[in-house]
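K.L.:
My questions all concern the structure below.
The values are calculated or read from the model by the stated rules, or taken from the named source; none is laboratory data. Fair warning: this is a prediction, and the values are worked out from it, not measured in the lab. Cβ: placed from backbone, ideal geometry, glycine included. Neighbour counts: every protein chain shown.
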Ligand SMILES: [Zn+2]
(Lines give C-alpha, C1' and ligand atoms only; values in the text may rest on other atoms or scores of the structure.)
Protein backbone atom coordinates (compact mmCIF):
# COMPACT_ATOMS: atom_id res chain seq x y z
CA UNK A 1 0.00 0.00 0.00
CA UNK A 2 1.18 3.49 -0.77
CA UNK A 3 0.71 5.29 2.52
CA UNK A 4 1.76 8.70 1.28
CA UNK A 5 -0.92 11.39 1.04
CA UNK A 6 -2.01 13.08 -2.16
CA UNK A 7 -1.47 10.01 -4.31
CA UNK A 8 -3.10 11.29 -7.49
CA UNK A 9 -0.92 14.39 -7.56
CA UNK A 10 2.12 12.22 -7.10
CA UNK A 11 1.04 10.02 -10.01
CA UNK A 12 0.74 13.09 -12.18
CA UNK A 13 4.22 14.23 -11.19
CA UNK A 14 5.46 10.69 -11.73
CA UNK A 15 4.22 10.64 -15.32
CA UNK A 16 5.89 13.95 -16.04
CA UNK A 17 9.18 12.91 -14.51
CA UNK A 18 9.21 9.51 -16.14
CA UNK A 19 9.33 11.14 -19.52
CA UNK A 20 12.35 13.16 -18.45
CA UNK A 21 14.29 10.02 -17.57
CA UNK A 22 14.31 10.45 -13.81
CA UNK A 23 12.80 7.06 -13.12
CA UNK A 24 15.09 5.92 -10.33
CA UNK A 25 14.81 9.12 -8.30
CA UNK A 26 11.07 9.29 -8.64
CA UNK A 27 10.61 5.71 -7.62
CA UNK A 28 12.69 6.23 -4.52
CA UNK A 29 10.69 9.35 -3.65
CA UNK A 30 7.35 7.64 -4.17
CA UNK A 31 8.49 4.69 -2.14
CA UNK A 32 9.49 6.98 0.68
CA UNK A 33 12.94 5.47 0.77
CA UNK A 34 15.31 7.21 3.18
CA UNK A 35 18.21 9.01 1.53
CA UNK A 36 19.67 8.53 -1.91
CA UNK A 37 20.30 4.89 -2.74
CA UNK A 38 23.36 3.63 -4.56
CA UNK A 39 22.87 2.56 -8.19
CA UNK A 40 23.28 -1.08 -7.27
CA UNK A 41 20.55 -1.02 -4.64
CA UNK A 42 17.80 -3.46 -5.41
CA UNK A 43 14.27 -2.09 -5.43
CA UNK A 44 11.04 -3.98 -5.82
CA UNK A 45 7.31 -3.41 -5.72
CA UNK A 46 4.40 -5.79 -6.12
CA UNK A 47 0.68 -5.50 -6.76
CA UNK A 48 -2.31 -7.58 -7.76
CA UNK A 49 -5.53 -6.74 -9.58
CA UNK A 50 -8.68 -8.87 -9.71
CA UNK A 51 -9.38 -10.22 -13.23
CA UNK A 52 -12.28 -12.54 -12.40
CA UNK A 53 -14.99 -12.76 -15.02
CA UNK A 54 -18.08 -12.41 -12.83
CA UNK A 55 -20.42 -12.60 -15.79
CA UNK A 56 -20.72 -16.36 -15.24
CA UNK A 57 -23.28 -18.41 -13.30
CA UNK A 58 -21.00 -18.87 -10.27
CA UNK A 59 -17.65 -17.58 -9.00
CA UNK A 60 -15.84 -19.79 -6.48
CA UNK A 61 -12.68 -17.76 -5.93
CA UNK A 62 -11.04 -14.71 -7.54
CA UNK A 63 -8.56 -14.78 -10.42
CA UNK A 64 -5.70 -12.27 -10.36
CA UNK A 65 -3.04 -10.66 -12.45
CA UNK A 66 -0.01 -10.02 -10.25
CA UNK A 67 3.06 -7.95 -11.00
CA UNK A 68 6.48 -7.80 -9.42
CA UNK A 69 8.63 -4.92 -10.65
CA UNK A 70 12.33 -5.19 -9.84
CA UNK A 71 14.93 -2.49 -10.41
CA UNK A 72 18.66 -2.57 -10.00
CA UNK A 73 20.79 0.19 -11.47
CA UNK A 74 19.70 0.73 -15.04
CA UNK A 75 17.84 -2.56 -15.31
CA UNK A 76 14.15 -2.79 -14.58
CA UNK A 77 12.21 -6.00 -15.05
CA UNK A 78 8.67 -7.14 -14.39
CA UNK A 79 7.46 -10.61 -13.60
CA UNK A 80 3.74 -10.83 -14.24
CA UNK A 81 1.56 -13.83 -13.51
CA UNK A 82 -1.99 -14.29 -14.76
CA UNK A 83 -4.60 -16.78 -13.58
CA UNK A 84 -5.49 -17.71 -17.13
CA UNK A 85 -5.12 -20.65 -19.49
CA UNK A 86 -2.55 -19.03 -21.81
CA UNK A 87 -0.97 -15.81 -23.05
CA UNK A 88 -2.86 -15.68 -26.36
CA UNK A 89 -3.96 -18.36 -28.81
CA UNK A 90 -6.44 -20.25 -26.60
CA UNK A 91 -8.80 -18.86 -23.94
CA UNK A 92 -9.88 -15.24 -23.73
CA UNK A 93 -6.47 -13.50 -23.68
CA UNK A 94 -5.87 -12.25 -27.22
CA UNK A 95 -2.72 -12.61 -29.32
CA UNK A 96 -2.28 -8.82 -29.11
CA UNK A 97 -2.32 -8.81 -25.29
CA UNK A 98 1.43 -9.31 -24.68
CA UNK A 99 2.51 -6.68 -27.23
CA UNK A 100 -0.10 -4.19 -26.10
CA UNK A 101 0.80 -4.54 -22.41
CA UNK A 102 4.51 -4.19 -23.18
CA UNK A 103 3.96 -1.15 -25.44
CA UNK A 104 1.87 0.60 -22.81
CA UNK A 105 4.38 -0.10 -20.04
CA UNK A 106 7.30 1.00 -22.18
CA UNK A 107 5.46 4.21 -22.98
CA UNK A 108 4.39 4.94 -19.42
CA UNK A 109 7.20 3.46 -17.30
CA UNK A 110 10.10 3.11 -19.75
CA UNK A 111 10.54 -0.58 -18.92
CA UNK A 112 11.96 -2.39 -21.95
CA UNK A 113 9.37 -4.71 -23.56
CA UNK A 114 11.79 -7.65 -23.49
CA UNK A 115 12.18 -7.22 -19.72
CA UNK A 116 8.48 -7.89 -19.09
CA UNK A 117 7.73 -11.58 -18.57
CA UNK A 118 4.14 -12.75 -18.41
CA UNK A 119 3.40 -16.28 -17.25
CA UNK A 120 -0.03 -17.91 -17.38
CA UNK A 121 -0.80 -20.29 -14.52
CA UNK A 122 -2.72 -22.36 -17.12
CA UNK A 123 -5.73 -22.60 -14.80
CA UNK A 124 -8.87 -22.93 -16.88
CA UNK A 125 -10.74 -20.12 -15.07
CA UNK A 126 -12.39 -17.34 -17.08
CA UNK A 127 -10.86 -13.86 -16.99
CA UNK A 128 -12.64 -10.53 -17.47
CA UNK A 129 -12.72 -8.81 -20.86
CA UNK A 130 -10.45 -5.92 -19.88
CA UNK A 131 -7.65 -8.16 -18.58
CA UNK A 132 -5.17 -6.18 -20.71
CA UNK A 133 -5.93 -2.86 -19.01
CA UNK A 134 -5.92 -4.55 -15.61
CA UNK A 135 -2.51 -6.07 -16.34
CA UNK A 136 -1.12 -2.63 -17.17
CA UNK A 137 -2.69 -1.35 -13.95
CA UNK A 138 -1.05 -4.10 -11.87
CA UNK A 139 2.41 -3.37 -13.32
CA UNK A 140 1.98 0.37 -12.78
CA UNK A 141 0.82 -0.13 -9.21
CA UNK A 142 3.81 -2.37 -8.52
CA UNK A 143 6.17 0.21 -10.03
CA UNK A 144 4.71 2.92 -7.82
CA UNK A 145 5.58 0.97 -4.71
CA UNK A 146 9.29 0.34 -5.27
CA UNK A 147 11.19 -0.03 -1.98
CA UNK A 148 14.66 -1.37 -1.20
CA UNK A 149 14.62 -5.14 -0.79
CA UNK A 150 16.79 -8.13 0.02
CA UNK A 151 16.40 -11.41 -1.82
CA UNK A 152 16.60 -15.07 -0.94
CA UNK A 153 16.17 -18.34 -2.80
CA UNK A 154 15.07 -21.78 -1.71
CA UNK A 155 13.32 -24.94 -2.77
CA UNK A 156 10.39 -26.86 -1.37
CA UNK A 157 9.13 -30.38 -2.02
CA UNK A 158 5.60 -31.38 -2.95
CA UNK A 159 4.67 -34.75 -4.43
CA UNK A 160 1.09 -35.29 -3.20
CA UNK A 161 -0.87 -33.00 -5.50
CA UNK A 162 0.02 -34.22 -8.97
CA UNK A 163 0.70 -37.19 -11.20
CA UNK A 164 2.24 -37.64 -14.64
CA UNK A 165 -0.56 -38.12 -17.13
CA UNK A 166 1.33 -40.19 -19.70
CA UNK A 167 0.84 -43.93 -19.44
CA UNK A 168 3.43 -46.28 -20.95
CA UNK A 169 1.53 -49.12 -22.61
CA UNK A 170 2.69 -52.71 -23.02
CA UNK A 171 2.55 -52.32 -26.82
CA UNK A 172 5.28 -49.64 -26.65
CA UNK A 173 2.91 -46.72 -27.21
CA UNK A 174 1.81 -44.08 -24.73
CA UNK A 175 -1.66 -42.86 -23.76
CA UNK A 176 -2.59 -39.89 -21.61
CA UNK A 177 -5.10 -39.17 -18.86
CA UNK A 178 -7.73 -36.74 -20.13
CA UNK A 179 -11.41 -36.06 -19.62
CA UNK A 180 -11.77 -35.83 -23.39
CA UNK A 181 -11.63 -39.61 -23.73
CA UNK A 182 -11.55 -42.97 -21.93
CA UNK A 183 -8.36 -44.46 -20.53
CA UNK A 184 -6.98 -47.67 -22.02
CA UNK A 185 -7.78 -50.81 -19.99
CA UNK A 186 -5.59 -51.24 -16.86
CA UNK A 187 -4.18 -54.50 -18.26
CA UNK A 188 -2.52 -52.54 -21.09
CA UNK A 189 -0.70 -50.09 -18.79
CA UNK A 190 2.94 -50.92 -18.01
CA UNK A 191 4.23 -47.73 -16.38
CA UNK A 192 3.93 -43.97 -15.86
CA UNK A 193 6.04 -40.88 -16.53
CA UNK A 194 7.96 -38.81 -13.94
CA UNK A 195 6.93 -35.80 -11.84
CA UNK A 196 9.03 -32.89 -10.61
CA UNK A 197 8.31 -32.36 -6.92
CA UNK A 198 10.55 -29.27 -6.64
CA UNK A 199 9.07 -25.88 -5.77
CA UNK A 200 11.50 -23.12 -6.81
CA UNK A 201 11.12 -20.08 -4.57
CA UNK A 202 12.33 -16.47 -4.81
CA UNK A 203 11.63 -14.34 -1.73
CA UNK A 204 11.87 -10.57 -1.54
CA UNK A 205 11.93 -8.95 1.90
CA UNK A 206 11.77 -5.26 2.74
CA UNK A 207 14.61 -3.92 4.86
CA UNK A 208 12.42 -4.09 8.00
CA UNK A 209 12.20 -7.87 7.50
CA UNK A 210 8.58 -7.89 6.27
CA UNK A 211 8.00 -10.00 3.16
CA UNK A 212 7.12 -8.05 0.02
CA UNK A 213 6.66 -10.87 -2.46
CA UNK A 214 7.23 -14.54 -3.11
CA UNK A 215 7.65 -16.02 -6.59
CA UNK A 216 7.18 -19.79 -6.65
CA UNK A 217 7.61 -22.13 -9.60
CA UNK A 218 5.94 -25.54 -9.75
CA UNK A 219 4.89 -27.93 -12.51
CA UNK A 220 1.26 -29.06 -12.62
CA UNK A 221 -1.84 -28.37 -14.72
CA UNK A 222 -4.12 -26.41 -12.33
CA UNK A 223 -7.27 -27.95 -13.75
CA UNK A 224 -8.81 -29.88 -10.86
CA UNK A 225 -11.86 -27.62 -10.55
CA UNK A 226 -13.98 -27.08 -7.46
CA UNK A 227 -17.04 -29.02 -6.22
CA UNK A 228 -19.50 -26.21 -7.07
CA UNK A 229 -18.03 -25.98 -10.62
CA UNK A 230 -17.73 -22.18 -10.26
CA UNK A 231 -15.09 -19.95 -11.87
CA UNK A 232 -11.80 -20.64 -10.10
CA UNK A 233 -8.07 -19.88 -10.21
CA UNK A 234 -7.71 -23.55 -9.20
CA UNK A 235 -4.87 -25.17 -7.25
CA UNK A 236 -2.26 -22.47 -7.95
CA UNK A 237 -4.58 -19.51 -7.25
CA UNK A 238 -5.87 -21.11 -4.05
CA UNK A 239 -2.30 -21.94 -2.96
CA UNK A 240 -1.20 -18.33 -3.57
CA UNK A 241 -4.03 -17.06 -1.33
CA UNK A 242 -2.95 -19.34 1.52
CA UNK A 243 0.68 -18.22 1.13
CA UNK A 244 -0.33 -14.53 1.13
CA UNK A 245 -2.56 -15.03 4.19
CA UNK A 246 0.30 -16.57 6.14
CA UNK A 247 3.13 -14.12 5.45
CA UNK A 248 3.45 -10.38 6.18
CA UNK A 249 0.41 -8.20 5.48
CA UNK A 250 0.26 -7.25 1.82
CA UNK A 251 2.62 -10.00 0.62
CA UNK A 252 2.06 -10.86 -3.04
CA UNK A 253 2.56 -14.53 -3.98
CA UNK A 254 3.17 -15.04 -7.69
CA UNK A 255 2.73 -18.58 -9.00
CA UNK A 256 4.89 -19.26 -12.06
CA UNK A 257 3.81 -22.36 -13.96
CA UNK A 258 6.70 -24.71 -14.66
CA UNK A 259 6.95 -27.65 -17.06
CA UNK A 260 3.46 -28.93 -16.37
CA UNK A 261 2.66 -30.09 -19.91
CA UNK A 262 2.17 -33.72 -18.94
CA UNK A 263 1.38 -33.22 -15.26
CA UNK A 264 -2.20 -33.55 -14.03
CA UNK A 265 -3.67 -32.86 -10.60
CA UNK A 266 -3.77 -36.04 -8.49
CA UNK A 267 -6.73 -38.34 -9.12
CA UNK A 268 -7.87 -36.19 -12.00
CA UNK A 269 -10.34 -38.80 -13.25
CA UNK A 270 -12.03 -39.44 -9.87
CA UNK A 271 -15.74 -40.13 -10.29
CA UNK A 272 -16.49 -41.03 -6.66
CA UNK A 273 -15.61 -37.72 -4.96
CA UNK A 274 -16.08 -34.12 -6.12
CA UNK A 275 -12.67 -33.01 -7.39
CA UNK A 276 -11.45 -30.17 -5.17
CA UNK A 277 -8.53 -27.90 -6.09
CA UNK A 278 -8.62 -26.34 -2.63
CA UNK A 279 -7.29 -29.49 -0.94
CA UNK A 280 -4.41 -29.64 -3.44
CA UNK A 281 -3.80 -25.87 -3.21
CA UNK A 282 -3.55 -26.10 0.58
CA UNK A 283 -0.93 -28.85 0.34
CA UNK A 284 1.10 -26.92 -2.24
CA UNK A 285 0.88 -23.76 -0.11
CA UNK A 286 1.95 -25.55 3.08
CA UNK A 287 4.97 -27.10 1.35
CA UNK A 288 5.90 -23.69 -0.07
CA UNK A 289 5.49 -21.96 3.31
CA UNK A 290 7.59 -24.64 4.99
CA UNK A 291 10.42 -23.93 2.53
CA UNK A 292 9.99 -20.14 2.82
CA UNK A 293 10.73 -20.34 6.56
CA UNK A 294 14.24 -21.50 5.74
CA UNK A 295 15.04 -18.79 3.18
CA UNK A 296 17.43 -16.09 4.37
CA UNK A 297 17.27 -12.87 2.37
CA UNK A 298 20.54 -11.03 1.73
CA UNK A 299 21.89 -8.00 -0.16
CA UNK A 300 23.44 -10.32 -2.74
CA UNK A 301 21.21 -9.52 -5.69
CA UNK A 302 22.46 -9.13 -9.28
CA UNK A 303 19.49 -8.70 -11.59
CA UNK A 304 20.08 -10.02 -15.09
CA UNK A 305 17.78 -10.71 -18.00
CA UNK A 306 18.51 -12.09 -21.46
CA UNK A 307 15.73 -12.23 -24.04
CA UNK A 308 16.35 -14.18 -27.24
CA UNK A 309 14.33 -15.33 -30.21
CA UNK A 310 14.79 -18.96 -31.08
CA UNK A 311 13.88 -20.44 -34.46
CA UNK A 312 12.43 -23.95 -34.19
CA UNK A 313 11.39 -26.44 -36.87
CA UNK A 314 7.70 -27.02 -37.50
CA UNK A 315 6.37 -30.56 -37.67
CA UNK A 316 4.98 -32.31 -40.71
CA UNK A 317 2.63 -35.10 -39.64
CA UNK A 318 1.04 -35.82 -42.99
CA UNK A 319 2.13 -39.49 -42.96
CA UNK A 320 1.02 -40.03 -39.37
CA UNK A 321 -2.40 -38.50 -40.10
CA UNK A 322 -2.87 -40.91 -43.00
CA UNK A 323 -1.86 -43.86 -40.77
CA UNK A 324 -4.27 -42.80 -38.05
CA UNK A 325 -7.14 -42.49 -40.52
CA UNK A 326 -6.35 -45.99 -41.76
CA UNK A 327 -6.24 -47.30 -38.18
CA UNK A 328 -9.67 -45.78 -37.52
CA UNK A 329 -11.02 -47.55 -40.59
CA UNK A 330 -9.51 -50.85 -39.41
CA UNK A 331 -10.94 -50.46 -35.91
CA UNK A 332 -14.37 -49.72 -37.35
CA UNK A 333 -14.22 -52.79 -39.60
CA UNK A 334 -13.08 -55.02 -36.74
CA UNK A 335 -16.15 -54.38 -34.57
CA UNK A 336 -17.86 -57.74 -34.00
CA UNK A 337 -21.51 -58.60 -34.14
CA UNK A 338 -23.03 -59.43 -30.75
CA UNK A 339 -26.58 -60.16 -29.64
CA UNK A 340 -26.21 -57.82 -26.67
CA UNK A 341 -26.83 -54.14 -26.19
CA UNK A 342 -26.11 -51.97 -23.14
CA UNK A 343 -29.45 -52.93 -21.49
CA UNK A 344 -28.83 -56.67 -21.67
CA UNK A 345 -25.05 -56.52 -21.24
CA UNK A 346 -24.98 -54.73 -17.87
CA UNK A 347 -27.14 -57.17 -15.79
CA UNK A 348 -25.41 -60.14 -17.47
CA UNK A 349 -21.88 -59.00 -16.67
CA UNK A 350 -22.84 -58.44 -13.02
CA UNK A 351 -24.33 -61.93 -12.73
CA UNK A 352 -21.43 -63.62 -14.49
CA UNK A 353 -18.81 -61.80 -12.35
CA UNK A 354 -20.66 -62.45 -9.07
CA UNK A 355 -21.70 -66.06 -9.62
CA UNK A 356 -19.15 -67.54 -11.93
CA UNK A 357 -20.23 -71.16 -11.50
CA UNK A 358 -24.01 -70.74 -11.68
CA UNK A 359 -24.76 -67.35 -13.23
CA UNK A 360 -28.06 -68.08 -14.95
CA UNK A 361 -30.08 -69.77 -12.20
CA UNK A 362 -29.82 -71.39 -8.72
CA UNK A 363 -27.25 -74.19 -8.40
CA UNK A 364 -29.90 -76.92 -7.93
CA UNK A 365 -31.10 -76.43 -11.49
CA UNK A 366 -27.55 -76.94 -12.79
CA UNK A 367 -27.33 -80.11 -10.62
CA UNK A 368 -30.62 -81.42 -12.01
CA UNK A 369 -29.53 -80.83 -15.63
CA UNK A 370 -26.31 -82.71 -14.90
CA UNK A 371 -28.24 -85.66 -13.41
CA UNK A 372 -30.52 -85.80 -16.44
CA UNK A 373 -27.59 -85.53 -18.91
CA UNK A 374 -28.73 -82.16 -20.25
CA UNK A 375 -26.51 -79.12 -20.88
CA UNK A 376 -28.90 -76.28 -21.79
CA UNK A 377 -27.72 -73.96 -19.01
CA UNK A 378 -24.05 -74.63 -19.75
CA UNK A 379 -24.56 -73.86 -23.43
CA UNK A 380 -26.51 -70.68 -22.60
CA UNK A 381 -23.66 -69.57 -20.32
CA UNK A 382 -21.09 -70.24 -23.03
CA UNK A 383 -23.11 -68.25 -25.53
CA UNK A 384 -23.58 -65.33 -23.14
CA UNK A 385 -19.88 -65.33 -22.25
CA UNK A 386 -18.87 -65.17 -25.91
CA UNK A 387 -21.35 -62.34 -26.55
CA UNK A 388 -20.11 -60.39 -23.54
CA UNK A 389 -16.49 -60.78 -24.64
CA UNK A 390 -17.34 -59.43 -28.08
CA UNK A 391 -19.30 -56.59 -26.53
CA UNK A 392 -16.36 -55.64 -24.22
CA UNK A 393 -13.88 -55.84 -27.11
CA UNK A 394 -16.12 -53.56 -29.13
CA UNK A 395 -16.17 -51.09 -26.26
CA UNK A 396 -12.37 -51.08 -26.00
CA UNK A 397 -12.14 -50.51 -29.75
CA UNK A 398 -14.63 -47.66 -29.58
CA UNK A 399 -12.71 -46.13 -26.68
CA UNK A 400 -9.54 -46.36 -28.74
CA UNK A 401 -11.37 -44.75 -31.67
CA UNK A 402 -12.50 -41.89 -29.44
CA UNK A 403 -8.87 -41.29 -28.38
CA UNK A 404 -7.71 -41.46 -31.99
CA UNK A 405 -10.47 -39.12 -33.10
CA UNK A 406 -9.57 -36.41 -30.57
CA UNK A 407 -5.85 -36.62 -31.35
CA UNK A 408 -6.46 -36.80 -35.10
CA UNK A 409 -8.46 -33.56 -34.86
CA UNK A 410 -5.53 -31.86 -33.07
CA UNK A 411 -3.02 -33.18 -35.60
CA UNK A 412 -5.11 -32.09 -38.57
CA UNK A 413 -5.61 -28.60 -37.11
CA UNK A 414 -1.86 -28.08 -36.61
CA UNK A 415 -0.93 -29.71 -39.91
CA UNK A 416 -3.05 -27.25 -41.87
CA UNK A 417 -1.56 -24.37 -39.92
CA UNK A 418 2.04 -25.59 -40.14
CA UNK A 419 1.76 -26.18 -43.88
CA UNK A 420 0.56 -22.61 -44.37
CA UNK A 421 3.17 -21.08 -42.06
CA UNK A 422 6.40 -22.39 -43.55
CA UNK A 423 9.14 -24.54 -42.08
CA UNK A 424 10.02 -22.75 -38.86
CA UNK A 425 8.49 -20.96 -35.92
CA UNK A 426 10.06 -18.18 -33.84
CA UNK A 427 9.67 -18.30 -30.09
CA UNK A 428 10.77 -15.98 -27.31
CA UNK A 429 13.08 -17.42 -24.65
CA UNK A 430 14.04 -15.50 -21.52
CA UNK A 431 16.83 -16.20 -19.05
CA UNK A 432 16.31 -14.42 -15.74
CA UNK A 433 18.50 -14.11 -12.69
CA UNK A 434 17.99 -12.45 -9.34
CA UNK A 435 20.28 -13.42 -6.47
CA UNK A 436 20.76 -17.17 -6.71
CA UNK A 437 17.40 -17.63 -8.47
CA UNK A 438 17.72 -18.49 -12.15
CA UNK A 439 14.86 -19.19 -14.51
CA UNK A 440 14.47 -20.03 -18.19
CA UNK A 441 11.13 -19.37 -19.86
CA UNK A 442 9.47 -20.80 -22.95
CA UNK A 443 6.14 -19.93 -24.61
CA UNK A 444 4.53 -23.39 -24.71
CA UNK A 445 3.45 -26.30 -22.53
CA UNK A 446 6.84 -27.89 -21.79
CA UNK A 447 6.56 -31.44 -20.54
CA UNK A 448 8.21 -32.27 -17.24
CA UNK A 449 11.25 -34.07 -18.69
CA UNK A 450 12.39 -30.85 -20.36
CA UNK A 451 12.48 -29.06 -17.01
CA UNK A 452 14.20 -31.98 -15.29
CA UNK A 453 16.85 -32.09 -18.07
CA UNK A 454 17.60 -28.36 -17.93
CA UNK A 455 17.79 -28.32 -14.13
CA UNK A 456 20.09 -31.37 -14.07
CA UNK A 457 22.50 -29.88 -16.60
CA UNK A 458 22.64 -26.42 -15.01
CA UNK A 459 25.84 -25.59 -13.13
CA UNK A 460 23.72 -23.58 -10.67
CA UNK A 461 21.79 -25.19 -7.85
CA UNK A 462 18.67 -23.06 -8.03
CA UNK A 463 17.72 -23.20 -11.70
CA UNK A 464 14.05 -23.33 -12.62
CA UNK A 465 12.08 -23.54 -15.84
CA UNK A 466 8.78 -21.87 -16.71
CA UNK A 467 6.64 -22.83 -19.68
CA UNK A 468 3.50 -20.85 -20.57
CA UNK A 469 5.50 -17.56 -20.65
CA UNK A 470 5.36 -14.70 -23.17
CA UNK A 471 3.04 -16.45 -25.60
CA UNK A 472 1.46 -19.81 -26.25
CA UNK A 473 2.54 -22.39 -28.83
CA UNK A 474 0.58 -25.41 -27.60
CA UNK A 475 2.48 -28.42 -26.23
CA UNK A 476 6.24 -28.87 -26.33
CA UNK A 477 6.93 -32.56 -25.59
CA UNK A 478 10.28 -34.36 -25.84
CA UNK A 479 11.59 -35.85 -29.10
CA UNK A 480 10.96 -39.27 -27.51
CA UNK A 481 7.34 -38.35 -26.74
CA UNK A 482 6.97 -37.14 -30.33
CA UNK A 483 7.59 -40.72 -31.52
CA UNK A 484 4.12 -41.32 -30.11
CA UNK A 485 2.33 -38.72 -32.27
CA UNK A 486 -1.40 -39.40 -32.48
CA UNK A 487 -1.68 -41.38 -29.25
CA UNK A 488 -1.59 -38.67 -26.57
CA UNK A 489 -2.56 -35.01 -26.43
CA UNK A 490 0.92 -33.55 -25.79
CA UNK A 491 2.44 -35.19 -28.87
CA UNK A 492 -0.57 -34.42 -31.09
CA UNK A 493 -1.36 -30.86 -29.90
CA UNK A 494 2.10 -29.67 -30.95
CA UNK A 495 3.55 -27.44 -33.67
CA UNK A 496 7.19 -28.49 -33.29
CA UNK A 497 9.25 -31.15 -35.06
CA UNK A 498 11.20 -33.48 -32.68
CA UNK A 499 14.47 -31.57 -33.28
CA UNK A 500 13.05 -28.61 -31.33
CA UNK A 501 14.01 -30.20 -28.00
CA UNK A 502 17.77 -30.36 -28.59
CA UNK A 503 17.79 -26.82 -30.00
CA UNK A 504 15.93 -25.39 -27.00
CA UNK A 505 17.78 -27.37 -24.35
CA UNK A 506 21.18 -26.35 -25.71
CA UNK A 507 20.06 -22.70 -25.95
CA UNK A 508 18.74 -22.88 -22.39
CA UNK A 509 22.06 -24.27 -21.20
CA UNK A 510 23.99 -21.58 -23.06
CA UNK A 511 21.83 -18.81 -21.57
CA UNK A 512 21.99 -20.23 -18.05
CA UNK A 513 25.79 -20.17 -18.23
CA UNK A 514 25.56 -16.47 -19.02
CA UNK A 515 23.58 -15.90 -15.82
CA UNK A 516 26.68 -15.60 -13.67
ZN1 LIG B 1 -2.44 -27.87 -20.97
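K.L.:
List, please: which pairs have Cβ atoms under 6 Å, are six or more places apart or on different chains, and start with a residue in segment 260-273 that is touching a residue at least 24 places away in the same chain (Cβ under 8 Å) and on the phi < 0 side of the Ramachandran plot and end with one that is within 12 Å of the ligand (Cβ to nearest atom) and part of a strand (DSSP E or B)?
P.N.:
Once the first residue is touching a residue at least 24 places away in the same chain (Cβ under 8 Å) and on the phi < 0 side of the Ramachandran plot and sits in segment 260-273, its partners that are within 12 Å of the ligand (Cβ to nearest atom) and part of a strand (DSSP E or B) give 261/445; 261/446; 261/475.
K.L.:
A further question follows. Within segment 483-509, track down each residue that is more than 19 Å from the chain's Cα centre (by Cα) and under 19 Å from residue 171 (Cα atoms).
P.N.:
Those that are more than 19 Å from the chain's Cα centre (by Cα) and under 19 Å from residue 171 (Cα atoms): 483, 484, 485, 486, 487.
K.L.:
Same structure, new question: I need the strands (runs of 3 or more DSSP E) fully contained in segment 250-317, keeping only those with at least 3 residues that are surrounded by fewer than 19 Cβ atoms within 10 Å (Cβ to Cβ) and away from the ligand (no atom under 16 Å from the Cβ).
P.N.:
304-313
K.L.:
Oh, and also: Just one of 129, 150, 144 is in the same structural domain as residue 278 (by TED's automatic domain parsing), crowded, with 17+ Cβ neighbours inside 10 Å and either modelled with pLDDT under 95 or out of contact with any helix residue (DSSP H, G or I) (no Cβ under 9 Å at 6 or more places or on another chain) (or both); which is it? Quick ask: steps written out before the conclusion?
P.N.:
Details: 129 fails: crowded, with 17+ Cβ neighbours inside 10 Å; 144 fails: either modelled with pLDDT under 95 or out of contact with any helix residue (DSSP H, G or I) (no Cβ under 9 Å at 6 or more places or on another chain) (or both).
None of the others qualify; the one that does is 150.
K.L.:
I'm trying to understand the selection: among the residues of segment 331-345, which are in a helix (DSSP H, G or I) and surrounded by 15 or more Cβ atoms within 10 Å (Cβ to Cβ)?
P.N.:
In the first step, residues of segment 331-345 are kept if they are in a helix (DSSP H, G or I); the result is 331-333, 342-345.
The answer is 331, 344, 345.
K.L.:
Still on this structure, I have one more. List, please: which pairs have Cβ atoms under 6 Å, are six or more places apart or on different chains, and start with a residue in segment 114-136 that is at positive phi and end with one that is surrounded by 24 or more Cβ atoms within 10 Å (Cβ to Cβ) and part of a strand (DSSP E or B)?
P.N.:
Partner pairs satisfying both residue conditions: 122/257.
K.L.:
Another question about this same structure. State all residues of segment 141-188 that are part of a helix (DSSP H, G or I) and without any contact (Cβ under 8 Å) to a residue 40 or more places away in the chain; if no residue qualifies, say none.
P.N.:
Listed by number, the residues that qualify are 186, 187, 188.
K.L.:
Among (1) at pLDDT 95 or above; (2) away from the ligand (no atom under 16 Å from the Cβ), which single condition is residue 74 missing?
P.N.:
(1)
K.L.:
How many of the residues making up segment 98-109 are touching a strand residue (DSSP E or B) at 6+ places or on another chain (Cβ under 8 Å) and touching a residue at least 24 places away in the same chain (Cβ under 8 Å)? Break it down into steps so the answer makes sense when it comes.
P.N.:
To start, the set of residues in segment 98-109 that are touching a strand residue (DSSP E or B) at 6+ places or on another chain (Cβ under 8 Å) comprises 98, 101-102, 105, 109.
Applying the additional criterion that residues be touching a residue at least 24 places away in the same chain (Cβ under 8 Å) yields 98, 101, 105, 109.
So the count comes out to 4.
K.L.:
Would you check if residue 83 is within 26 Å of residue 440 (Cα to Cα) and either outside the structural domain of residue 205 (by TED's automatic domain parsing) or at pLDDT 50 or above (or both)?
P.N.:
Working: within 26 Å of residue 440 (Cα to Cα): yes; either outside the structural domain of residue 205 (by TED's automatic domain parsing) or at pLDDT 50 or above (or both): yes.
So residue 83 passes the test.
K.L.:
Looking for whichever is in a strand (DSSP E or B) and within 20 Å of the chain's Cα centre (by Cα) here; the options are 69, 85, 80. Which one fits? Give the steps one after another, and end with the answer.
P.N.:
Values: 69 fails: within 20 Å of the chain's Cα centre (by Cα); 85 fails: in a strand (DSSP E or B).
Going through 69, 85, 80 in turn, the sole match is 80.
K.L.:
Name the one entry in 481, 514 that is in contact with a strand residue (DSSP E or B) (Cβ under 9 Å, 6 or more places away or on another chain) and surrounded by 21 or more Cβ atoms within 10 Å (Cβ to Cβ).
P.N.:
481
K.L.:
Could you grab me the full set of residues in segment 112-125 that are surrounded by 21 or more Cβ atoms within 10 Å (Cβ to Cβ) and more than 16 Å from the ligand (Cβ to nearest atom)?
P.N.:
If the condition is that a residue be surrounded by 21 or more Cβ atoms within 10 Å (Cβ to Cβ) and more than 16 Å from the ligand (Cβ to nearest atom), then 115, 116, 117, 118 are the ones that fit.
K.L.:
Just to check your reading of the model, which residue among 99, 45 is within 23 Å of residue 239 (Cα to Cα), over 18 Å from the mean Cα position of the chain (by Cα) and away from the ligand (no atom under 16 Å from the Cβ)? Before you say what the answer is, go through the steps one by one.
P.N.:
Working: 99 fails: within 23 Å of residue 239 (Cα to Cα).
Only one candidate passes the filter, namely 45.
For (1) touching a helix residue (DSSP H, G or I) at 6+ places or on another chain (Cβ under 7 Å); (2) within 18 Å of residue 162 (Cα to Cα), each residue gets a yes or a no:
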{"position": "274", "(1), (2)": "no, yes"}
{"position": "278", "(1), (2)": "yes, yes"}
{"position": "281", "(1), (2)": "yes, yes"}
{"position": "286", "(1), (2)": "no, yes"}
{"position": "296", "(1), (2)": "no, no"}
{"position": "301", "(1), (2)": "no, no"}
{"position": "311", "(1), (2)": "no, no"}
{"position": "315", "(1), (2)": "yes, no"}
